[in-house]
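Below you'll find the structure, written out as structure tokens, and then a few comments.
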Amino acid sequence: MRLILSFFASLTVLLSLSAPVSAQIELSFYGGTQSSPHSRVTGNYPGTGAPFDALIGWEGKSFAPPPYYGARVMWWQRSDLGFGAELTHAKTYAPAAERSTIGFDRMEFTDGHNIITLNIMKRWNDRFGYFTPYVGAGLGLALPHVDVTSANGHQTLGYQLTGPAARLTAGMKYDLTDDWALFGEYQFTYSSNKAELVGGGTLNTDIITNAINVGVSYSF
């Protein structure tokens, strides 16, 4: 995670140095509640290579440690059009009854099903007085912390680059001052994941998250 946070810090400095005088840098931090609908999990069982296939009803547990959160940096090179990057630290747990039927004691991405994207955003400044609506979209990569233990004792624990990811965002910002604002938004993310399991196994799944975010932003 330090590497990811360092990336965002470096990106912020780079954007600040390269931005023209009229441009605006906006840093946003948020938490909220996130859920994930059912998705199919397929792969090969570690140690034996046997195939497995199951429908998993993922649990989000947004407020259990480590909690769900996100951070975004945007470069508004025009007052209404911006580009930037975003990290979302989502979580997904496979329920015990569902994972055990295919031979797993643990199956989760809980130190982050991390979605990192490059974004484009459009906003309508002060469209409703102090309120500014905005929408955005992004493309990037999934970097989850894969935490999977099979019933035969093979444990996979660590970060993996598992595949492509995308996000859609729609929200509303409320200006507190010229620099500070509060915001609320809906955010959708999608990722296609292929994880390598210790013992020669694989785990493939597409994960969707639906989130309601509340946060604070600072502009300079």
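The values are calculated or read from the model by the stated rules, or taken from the named source; none is laboratory data. All values reported here derive from a predicted model rather than from experimental measurement. In this analysis, Cβ positions are derived from the backbone assuming ideal geometry, glycine residues included, and neighbour counts consider all displayed protein chains. In case anyone asks, the SASA skips ligands and DNA or RNA and just uses the protein heavy atoms, side chains included. Shrake-Rupley method; radii C 1.70, N 1.55, O 1.52, S 1.80 Å.
Among the conditions (1) surrounded by 15 or more Cβ atoms within 10 Å (Cβ to Cβ); (2) under 24 Å from Gly103 (Cα atoms), Tyr190 misses just one, which is (2).
Among residues of the stretch 59-88 being modelled with pLDDT under 95 and among the basic types (Lys, Arg), the one that is most open to solvent (accessible area, probe 1.4 Å) is Arg78. For the stretch 182-202, a residue qualifies if it is free of Cβ contacts under 8 Å to residues at least 40 places away in the same chain and more than 15 Å from Phe109 (Cα to Cα), and the qualifying residues are Leu182, Gly184, Tyr186, Phe188. Hey, does the stretch 125-136 have a residue that's among the β-branched types (Val, Ile, Thr) and either out of contact with any Ser or Thr (no Cβ under 8 Å at 6 or more places or on another chain) or surrounded by fewer than 18 Cβ atoms within 10 Å (Cβ to Cβ) (or both)? Yes, because at least one residue in the stretch 125-136 is among the β-branched types (Val, Ile, Thr) and either out of contact with any Ser or Thr (no Cβ under 8 Å at 6 or more places or on another chain) or surrounded by fewer than 18 Cβ atoms within 10 Å (Cβ to Cβ) (or both).
Of the strands (runs of 3 or more DSSP E) contained entirely in the stretch 131-186, those carrying at least 2 residues that are farther than 30 Å from Ala96 by Cβ fall at 131-150, 163-175. In the stretch 89-117, of all residues being in contact with a Phe, Trp or Tyr (Cβ under 7 Å, 6 or more places away or on another chain), open to solvent by 10 Å² or more (accessible area, probe 1.4 Å) and not in a loop (DSSP other than H, G, I, E, B), the one that is nearest to Gly60 (Cα to Cα) corresponds to Tyr93. Here Thr12 meets each of (1) modelled with pLDDT under 95; (2) closer than 21 Å to Gly158 by Cβ; (3) outside any loop (DSSP other than H, G, I, E, B) with one exception, condition (2).
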